[in-house]
Amino acid sequence: MLRHQTQLFWLGVVLLFMLICLSLATGAGVYGGREVAGFLLGDPAFMADEKLAMIIHTLRLPRTLCALVVGVCLALAASMLQSATRNPLAEPGLLGVNAGAVFALVIGLTYFGVESAYGYLLWSGMGALLGNLIVLGLGLMVGRSNPLKLILVGVALSATFGGLSNFLLLSNKVVLEQFRFWNLGSLAASDLDAVLTVIPFALAGLLLTLALCRQLTLMQMGDNQAQALGIRPTRVRIGVLLAATLFTACAIAIAGPIGFVGFLAAYCARLVEPVRLAIQVRFSALFGVLFLLGADILARWLIQPFELPNGVILALIGAPVLILVVRGGGFRSLLAVK
């Protein structure tokens, strides 16, 4: 089994490298793979093209890097929430965490004139913290007994936060114009400085995730058994809260509320390794990047010279998969652990 997992992982890494190259070569305009490859390899003829340099440095490279960061963040946030709530359908977009982050950011945009990447990160972080607190609290009550109840709670949270956000936006047309395309979830406005700003916070969440993997794996047996093994469930869940908040805030701040990436990535990772969380998070991060980068390439390619928001592409893929998982009872594998 371990050998097959290793082979699958490296196959995914090779596919990721190919998607990165394709992402750098895809976009509106006359510049394709040949020109981009020549520029990256240092060909003087292409290096002298200022327009090509501008497209790579200010558009395609930041967008590709943004997809890598956001894909990892959303995937790991979903894996952590699923493990902490013992609910395999848990995901920031489905549970209303994204909507909470958006609502807090709308408050920052409307009343405090937030413009910087740090401002986006701070306000989306506060909203994500609120959403995660609600999710983890309710997850302990209803998530294990019935996973679908927690999803229904997430729908209610999303509707509540969404309604409050719309109320604030309709009262300020300037903020509405700034917000409406970003709210669909897109990497089109990716900025290299913003991406570099959130990377340290994403790394902090990653380190916290790696530190919690063993404890969370043992907690799947139940809190009583975990406590008998020296695990403190409350402390672990606080760590999950912080990690999921950091991941969600980083993703929301630079790409908007993109849904279904975490659900798809974490679900596929659990198919590869159903028990050991340390291996799950590795595959979850890889799948999250592959799904988001693939969706972003499709978003740029399908209706050139225009493009679709990434959130639309992922919703068209993720929603049918979620329905199939629920209809097929695919969430019961995690519930079987007592």
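Along its principal axes, what span do the Cα atoms of the chain show, with the longest given first and each in whole Å?
Here the spans come out as 67, 56, 36 Å, largest first.
For the chain, modelled as a Gaussian network with Cα springs under 10 Å, which listed residue fluctuates most, PRO309, PRO88, PRO200?
Of PRO309, PRO88, PRO200, the most mobile in the Gaussian network model is PRO200.
Among MET141, MET126, MET54, whose mean-square fluctuation peaks in a Gaussian network model of the chain (Cα, cutoff 10 Å)?
MET54
Could you grab the relative contact order for the chain? Cα pairs under 8 Å, six or more apart, rounded to a whole percent.
On the way: 533 pairs, mean separation 96.5, N = 338.
For the chain, the relative contact order is 29 percent.
Based on the mean of other Cβ atoms within 10 Å per residue, sort peptides 285-294, 211-220 so the most packed one is first.
Highest mean packing first, the order is 285-294, 211-220.
Averaged per residue, what accessible area in Å² does the chain show with a 1.4 Å probe, protein chains only?
46 Å²
Run the numbers for LEU302 and ALA45: contour at 0.36 nm per residue of separation, minus the present Cα-Cα distance, in nm.
89.5 nm
Given the Cα-Cα distance of ALA37 and VAL174 and 0.36 nm per residue of separation, how much length would full extension add, in nm?
45.3 nm
What number, rounded to the nearest 500 deg cm²/dmol, is the helix-based mean residue ellipticity at 222 nm of the chain, given -39500 (n - 2.57) per DSSP H run of at least four residues and division by all its residues?
Here the helix-only value at 222 nm equals -24500 deg cm²/dmol.
Taking K and R as +1 and D and E as -1, what net charge do the other residues with C-beta under 13 Å from the C-beta of LEU59 add up to?
Once positives and negatives cancel, what remains is +1.
Place a point 7 Å from the Cα of LEU210 along the Cα-to-Cβ direction; which residues of segment 275-290 have their backbone N under 19 Å from it?
Those under the cut-off are 276-289.
Would you work out what percent of the accessible area of the chain, with all protein chains in place, is carbon or sulfur (probe 1.4 Å)?
Looking at the chain in its full context, I get 70 percent from C and S.
The values are calculated or read from the model by the stated rules, or taken from the named source; none is laboratory data. Everything quoted here is computed from the prediction, not taken from an experiment. Backbone-built Cβ (ideal geometry, glycine too); neighbour counts: all protein chains shown. All accessible areas refer to the heavy atoms of the entire protein, side chains included, with ligands and DNA or RNA removed. Shrake-Rupley method; radii C 1.70, N 1.55, O 1.52, S 1.80 Å.
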